[in-house]
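The values are calculated or read from the model by the stated rules, or taken from the named source; none is laboratory data. Keep in mind that what you see is a predicted model, and the values were worked out from it rather than measured. Ideal geometry is used to build each Cβ from the backbone, glycine not excepted, and the neighbour counts take in all protein chains shown.
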Amino acid sequence: MKTLSRIYNGIIFAFLYAPILVLIVFSFNDSKSRVVWNGFSLRWYEELFRDEEILSALGVTLSVAIIATIVSTVIGTLAAIGIRSVNRRLGRVLLAVNNFPMVNPEIVTGIALMLLFVFIYRTTGLLQPGYATLLLSHITFCIPYVVLQVMPKLRQANPHLYEAAVDLGCPPVSAFFKVMVPEILPGIITGALMAFTMSLDDFVISLFTSGASSQNLSVTIYAMVKRRVTPEINALSTLMFGAVLILLVLINILQIHSEPSRKGGKSK
Amino acid sequence: MHTKEIISLKDITVSFDGEKVLDGLNLNISDGEFVTLLGPSGCGKTTTLRIIGGFVFPDSGNVFFDGKDMADLPAHKRQVNTIFQRYALFPHLNVEDNVAFGMRVQRKDKAEIRETVDHMLKLVNLVGFNKRRIDTLSGGQQQRVAIARALANNPRVLLLDEPLAALDLKLRKDMQVELKNIQKSLGITFIYVTHDQEEALSMSDTVVVMDNGKIQQIGTPQDIYNEPQNAFVADFIGESNILDGIMHEDYLVEFFGRKFRCLDAGFDKKEPVDVVIRPEDIDIVPADKGDLTGTVTAVTFKGVHFETIVDFKGFKWMIQTTDYYPVDSVIGIVLNPEDIHIMKKSEYSGEFGDYSSYSEEFDEMANPEIDLTEDAAEAET
C-alpha cells in the first residue's frame, strides 16, 4: 500500500514538474535543438538580455506589477476596513462582490475590461489601449486578493485597540497607522505579495487590455512563439518560473509565521 | 464633602437601532470622587462611560466637563482616559512603549517620559517589566499595564469599564484594594462600571444604580444598601424580602395582617408600599414568642451563616442566621422598627423579593457574592 501511494505520488509530481524540468534543462542547452543535448551553455540567457523587445516587455511587466501592487494594496486594505465597519449584512454582500472576480473566468474579465476601455476611448478619447489600460486592469484584478488577505487580520484584531489609541490622545488617522496597521501588517504584506505574483503571472487579461504600444512579458512571449520558438524563451520562462516560485515560498513562510499569533489571539 | 463638579450629564438620550439605551439620564460627578455605575448587562452603564470618553455621541442632551460643553470635542482631545474591558494593550509594543504611548503622542521630552514610565510601573508594582512583551504577561499584570498606561497621561478623570471582570476572585479582590489606593493617592476622579454589587459597595464613594437606561438610585454604598428606593435596587444590591404593605400613618406599617412600628415617614395615609426586610436583620425566636410564625422549607450552609427559607402563609422569606433550624421546624420571628424599610411602589413592585422560586434564582446568582456583600457592607459601616 505504501509503495503504491509512493508510486502514485511520484507519477503526479512527474506530470506536474517534468515539463518545467525539460524547459529548464533545455534553457541551458548549447544548441537550437529542442531534442538533442549539446552541452551546457548560458548563451540563451545572454541573447535574452540582448533582446530589446523582451527587455522592454520585462520593464513593462515589472513596472506594472510594482505599481499595481502598491495601488491595489492601498485600495484593498481600505476596502477591507470599509467592509469591516459597515453592518454585517452589507459587509457579507460587499465581500461576495469582492470575491466574485476571482472565480469569474479570466477571459470574461479580460474581454469585459477591453470593451469598457474601448467604449471609454471611443466616447471620450481618453484611455487609449496601452500602458494605462494594462495597469488599470492589473490593479482591478489584484484588489480582491488583497481584501481577502487583510479581512481575517481585521477580524482578529481587538476592536478596542483603535479606541485605546484615540483615548490616549492620538488623532484618528494617526491612531489607525500606529495601532491598526501593525496589527494587520502580516495580512497587508501577504496581500501585496499575492497581488505582485498575480500581476507577474497574468496573461489572459493582459492580452485583451494591453495595446500594441506596451506589452508585458507574457503577451510578448505569446507573440514571439507565433513567429518562431527560440530557446531564449526557455531561458525567459525559467527565470519567470524561478521568480514566481520564490514569491510563493515567501508568501507561504509569511502565512505559517503568522499562524501561531492567530491561535494566540483566539485563546484570549 | 462635595467639591466642585467635574462631569455633568444633562438629559442624555441614546438609541441604537431604534432601541433606547439611555433615557433622559442626568448625573453629576464631583472632582476626586470614586463613582461606580452599577447595573445588570444592558442597563446602559457602559454606554454612559463611552459617552464621557467620547466614543458615543448622544442623540440629545449635553455632557459638561468642568462646566464646558463637550459636544464637539473628539475623544482624543478629552482629558479623560479609559481602561478597556479586555485591556486593549498594544500587542506589537512592549510594556514600556505601551505606557509611554500617550506621552509620545503629546511629544513630551524623553527624560520626562522615562521618569513617568518608571514612576507608573512602580505605582502598579511592575518595576523591571519595562522591556517585557505584552503576550508574556499574566492577566493581572496586563491589567496593571493598562492602568499604568492610562494614568501616565495624567488624566483628570479615569474611566474603568469592568476592569476586573477577566480576573479570578482572589486577584480581583486584591486589585480592588489596589485600585482604591491608587485613586486615593492620586486624588483623581474614577468612574467605574461594573455589574458586581460587591465591587461597587466596597470601592465607591458614590454608587449609581442603573436599569433600563435609567438611573434607579444615586447614593453612598450605605444609603444604597440600607435605604433602597425601589424593589429593583433592593433586590439587585444584596438579598431582600420584599412584601406588600400599607402605610397607616407615619412610623406605622401593616403587612401580613399585623401592624409594625418602623422608622419611615412621609407617606400618604393608607398608601400601599413595598416593605423591605434584609435576611440578616431578622431575629428568630421560639414560635410562641414571634410576631410572625412560619415553617422552614430549605436550609443551605454558607459558611458564615445558614441561609434558611421560611414559609409565612405562602410567602417565602430568606433569613440568614447563625443557628441551625432543620427543615419543617416551626419558628417565630421578631422584627424591630430599624429592620423594616419602606419604599414607594414602583414599576418593579411585585417582580422581586419573593423566595418561592428560590432554587432557580439560586443558580443564577454567583454564590460567593451573597457572603461577600455582607462582608463589604460591614466593612463600610
Within the range A:25-78, residues surrounded by fewer than 22 Cβ atoms within 10 Å (Cβ to Cβ) and among the polar types (S, T, N, Q) come out as A:29, A:31, A:33, A:38, A:41, A:56, A:63
Within the range B:24-33, identify whether any single residue is over 18 Å from residue B:200 (Cα atoms), assigned by TED's automatic domain parsing to the domain that holds residue B:179, in contact with a Leu (Cβ under 8 Å, 6 or more places away or on another chain) and not in a strand (DSSP E or B), and answer yes or no. no
Enumerated strands (runs of 3 or more DSSP E) restricted to the range B:165-259, each holding at least 2 residues that are buried (at least 23 other Cβ atoms within 10 Å of the Cβ) and in the same structural domain as residue B:269 (by TED's automatic domain parsing): B:241-249
Out of everything in the range B:62-75 that is touching a helix residue (DSSP H, G or I) at 6+ places or on another chain (Cβ under 9 Å) and over 15 Å from residue B:5 (Cα atoms), what residue ends up being nearest to the other protein chains (Cβ to nearest Cβ)? B:75
From B:177, B:157, residue being at pLDDT 90 or above, under 19 Å from residue A:163 (Cα atoms) and β-branched (Val, Ile, Thr): B:157
Any chance you could count how many residues in the range B:142-164 are surrounded by fewer than 18 Cβ atoms within 10 Å (Cβ to Cβ) and either more than 12 Å from every other protein chain (Cβ to nearest Cβ) or under 17 Å from the mean Cα position of the chain (by Cα) (or both)? 1
Do any helices (runs of 4 or more DSSP H) lying entirely in the range A:104-169 carry at least 3 residues that are modelled with pLDDT under 95 and more than 14 Å from every other protein chain (Cβ to nearest Cβ), and which ones are they? A:106-124, A:131-156
Of all residues in the range B:76-103, how many are touching a Phe, Trp or Tyr at 6+ places or on another chain (Cβ under 6 Å) and within 12 Å of chain A (Cβ to nearest Cβ)? 1
Of everything in the range B:279-310, what is closer than 16 Å to residue B:330 by Cβ and either assigned to a loop (DSSP other than H, G, I, E, B) or outside the structural domain of residue B:255 (by TED's automatic domain parsing) (or both)? Give them in sequence order. B:282, B:286, B:290, B:291
What are the residues in the range A:133-173 that are hydrophobic (A, V, I, L, M, F, W, C), in contact with a helix residue (DSSP H, G or I) (Cβ under 9 Å, 6 or more places away or on another chain) and within 23 Å of residue B:90 (Cα to Cα), if any? A:150, A:151, A:154, A:157, A:161, A:164, A:165, A:166, A:168, A:170
Taking the range B:24-61 on its own, how many of its residues are surrounded by fewer than 17 Cβ atoms within 10 Å (Cβ to Cβ), touching a Phe, Trp or Tyr at 6+ places or on another chain (Cβ under 8 Å) and either farther than 20 Å from residue B:201 by Cβ or within 14 Å of chain A (Cβ to nearest Cβ) (or both)? 0
Of the residues B:81, B:94, which single one is assigned by TED's automatic domain parsing to the domain that holds residue B:53, surrounded by fewer than 22 Cβ atoms within 10 Å (Cβ to Cβ) and among the polar types (S, T, N, Q)? B:94
Give just the number: which of (1) more than 25 Å from residue A:193 (Cβ to Cβ); (2) not in a loop (DSSP other than H, G, I, E, B) does residue A:83 not satisfy? (1)
Please enumerate the residues belonging to the range B:126-141 that are in contact with a Leu (Cβ under 6 Å, 6 or more places away or on another chain) and either within 12 Å of chain A (Cβ to nearest Cβ) or among the small types (Gly, Ala, Ser) (or both). B:134, B:139, B:140
Expected output for the range A:170-199 (first residue within 29 Å of residue B:81 (Cβ to Cβ) and within 14 Å of chain B (Cβ to nearest Cβ), partner small (Gly, Ala, Ser) and surrounded by fewer than 23 Cβ atoms within 10 Å (Cβ to Cβ), Cβ below 7 Å, 6+ apart or cross-chain) is A:180/A:157; A:183/A:157; A:184/A:157
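Filter the range A:204-243 for residues that are buried (at least 18 other Cβ atoms within 10 Å of the Cβ) and either basic (Lys, Arg) or more than 21 Å from residue A:131 (Cβ to Cβ) (or both) and give the result.
Answer for the range A:204-243, where residues must be buried (at least 18 other Cβ atoms within 10 Å of the Cβ) and either basic (Lys, Arg) or more than 21 Å from residue A:131 (Cβ to Cβ) (or both): A:231, A:232, A:233, A:234, A:235, A:238.
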Of these, B:363, B:323, which one is charged (D, E, K, R), at pLDDT below 90, part of a loop (DSSP other than H, G, I, E, B) and over 14 Å from residue B:242 (Cβ atoms)? B:323
